[in-house]
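The values are calculated or read from the model by the stated rules, or taken from the named source; none is laboratory data. Quantities reported herein were computed from a predicted structural model and do not represent experimental measurements. Quick reminder, even Gly has a Cβ in these numbers, built from the backbone with ideal geometry, and neighbours come from all protein chains shown. Surface areas here come from the heavy atoms of the whole protein model, side chains and all, with no ligands, DNA or RNA. Shrake-Rupley method; radii C 1.70, N 1.55, O 1.52, S 1.80 Å.
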Amino acid sequence: MRVELKFYHLEEILKKAKESKIEICGFLLGQKKGESVIIEEIAFAENKLNSPVEFEIDPLEIVKILDYADKKGLEPVGLFHSHLCKPIPSGKDIKGMKNWRNIWLIVDNRGNYGAFVLNKNNKIKEVEILIKK
Ligand SMILES: [Zn+2]
């Protein structure tokens with residue numbers, strides 16, 4: 001599996017993460033094609049915890065974003081959020097990954113990033129990211 005991410009989407013996420021004192025978050029919308037997950041759009045959401053160490057998205061906002069994706073013929077293929085520390089899944093993220101088994105893109109506030117999934121044995125696996133112009 002690998003993720004295809006547009007350069008300007010990644011730039012937008014990294015820029016926002018750099019400027020923010022709290023974790024930023026949102027959805028990756030796109031489609032799966034064979035072994036590739038292609039991100040077509042990103043949808044920022046509010047971190048309702050307003051926290052530098054965790055995030056949560058309001059269920060109503062999730063519904064809105066999923067509705068939007070549906071209208072556009074896109075799937076919610078992943079989530080993104082930022083850390084103010086290393087961009088690897090936290091304990092809370094791993095719990096979330098068990099409920100939401102798709103791509104988790106995590107960035108930090110210094111321009112680093114990684115994409116992760118939980119495999120069937122609940123082990124974290126880093127996924128290759130292909131940056132597209
Ligand atoms: Zn996290």
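For the stretch 78-133, enumerate the residues that are outside any strand (DSSP E or B), among the polar types (S, T, N, Q) and more than 20 Å from residue 36 (Cβ to Cβ).
Kept after step one, since they are outside any strand (DSSP E or B), are these residues of the stretch 78-133: 84-102, 109-112, 119-123, 133.
Cutting the leftovers down to among the polar types (S, T, N, Q) gives us 90, 99, 102, 109, 112, 119, 121-122.
Correct list: 90, 99, 109, 112, 121, 122.
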> Regarding residue 110, is this residue open to solvent by 20 Å² or more (accessible area, probe 1.4 Å), of a type outside the set (A, V, I, L, M) and modelled with pLDDT under 95?
Replying inline: no
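Residue 53: in a helix (DSSP H, G or I), β-branched (Val, Ile, Thr) and open to solvent by 70 Å² or more (accessible area, probe 1.4 Å), yes or no?
Values: in a helix (DSSP H, G or I): no; β-branched (Val, Ile, Thr): yes; open to solvent by 70 Å² or more (accessible area, probe 1.4 Å): yes.
So residue 53 fails the test.
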>> Checking the condition of a type in the set (Ser, Thr, Tyr) and under 20 Å from residue 5 (Cα atoms), which residue from 36, 90, 51 passes?
In response: 36
> For the stretch 18-29, does any single residue satisfy the condition of being away from the ligand (no atom under 16 Å from the Cβ), more than 21 Å from residue 111 (Cβ to Cβ) and surrounded by 14 or more Cβ atoms within 10 Å (Cβ to Cβ)?
Replying inline: yes
